[in-house]
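Trainee: Have a look at this one before I ask anything.
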Amino acid sequence: MQECQPWWPPALAHAAGAQHRLALTSRNLGLPVRQAIAVRAPDLIRSNAGGCNAILVRGQITDDRARTLTRRPERRVVHGVEVAGAGWFANLHATVHDAAAARRDIELARTTALDWARGAPLVIGGDLNIRKPLLPELEKVATSDVDHLFVRGWRLTGSPEVLERGRLSDHAPVAVTLEPVARPSPQDA
């Protein structure tokens, strides 16, 4: 998730029977005051309630990392978790209204996530804020406008599904089912 208010992931994870990890992004100065206003008058404060990227996992998180991609005009991060037996899962929200800056964010996120994974399976995606991103070494498995999902070491089963977005977001969630790609055993090498 991107552009999530920082107090939402614990409640969402609890409701989903999952663990969560988050990385703060923009507008988090004075967070308790922002939260108090957001709870009472969400339409007044809107996106100024604070922000984070969050990952929910039904599994064992063995590592959690974040790297700042840019600080201006807003702080953008790539955030990833390692899940026992499954590999790495990372998300980002690239810079908006500046395609060159978004491409720089995406490339730094890509190289960072590949470094974290060190050859293990990887899923990376989010709001990349460009319609045709290129992520060498990764395969695109789903897209909806500026939201994209790329993988390495996974295979798409079935078709991606764009879900109803409801009122909470201006982006529709994209759902996929993935299965691991069989890796050759050391004897086969």
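Trainee: Once you place label points 7 Å from the Cα toward the Cβ at Arg104 and Arg155, how far apart are they in nm?
Mentor: So the label points at Arg104 and Arg155 sit 4.0 nm apart.
Trainee: Taking loop as defined by DSSP and a crowding limit of 15 other beta carbons within 10 Å, which trypsin sites (Lys or Arg not before Pro) in the range 62-159 fit?
Mentor: Arg71, Arg118, Arg131
Trainee: Collect residues whose amide H, placed 1.01 Å from N in the peptide plane, falls under 5 Å from the amide H of Thr25; neighbours closer than 5 in sequence don't count.
Mentor: Gly51, Cys52, Asn53
Trainee: On to the next question. Find, among the GluC sites (Glu not before Pro) in the range 87-189, those assigned to loop by DSSP (not H, G, I, E, B) with at most 12 other beta-carbon atoms within 10 angstrom.
Mentor: Glu137, Glu164
Trainee: Ranked by Cβ crowding within 10 angstrom, fewest neighbours first, how are Val57, Val77, Val96 ordered?
Mentor: Neighbour counts put them in this order, fewest first: Val96, Val57, Val77.
We did not get these values from a lab; they are worked out from the coordinates using the rules stated. Not measured: the values here are computed from a predicted model. Using ideal geometry, Cβ is built from the backbone for each residue, glycine included, and neighbour counts are taken over all protein chains shown.
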